[in-house]
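Below: the structure, in C-alpha cells.
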Amino acid sequence: MAHHLLDAREAAAVLRMKNSRTLVRWARLGQVPAHPLGEGKRKLWRFLEHELLEWVEAQETDKRRPPTSTIEVAIGAHARRTA
C-alpha cells in the first residue's frame, strides 16, 4: 500500500477543518500524527492520510470515555469549534 504525504492544507481538507493553521499548531504540540521536514522553527509538516484517519477513530473512541484532564477537555472543545 502506498502512503502519500499530505501538506497541511490537504490534511485539513481530509479532516474537514477550515483552517490548516490549527492542524499545524496541533502537529507542533504533538496532538496529531505528523512528520516534520527540515530543522529549526520553520519546519514543514506533512501528514499521512491513514494515520490521520486512525487518529480520528481514536478520538471518537476517547470521546465515549470521560476526559481524564481539563487540558483534554479544552483541546476537545477547541477542536469541535474549529472543525
* Contour minus Cα-Cα distance for Val14 and Val56 (0.36 nm per residue) -> 14.1 nm
* Asked: Give me the log10 of I(q) over I(0) for the stretch 1-62 at q = 0.15, 0.16, 0.20, 0.24 Å⁻¹, as the Debye formula computes it from C-alpha points; what are the numbers?
  -> -0.42, -0.48, -0.74, -1.03
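Read-outs: derived from the displayed coordinates by stated rules, not from any lab. Everything numeric in this text was worked out from a predicted model, so none of it was measured.
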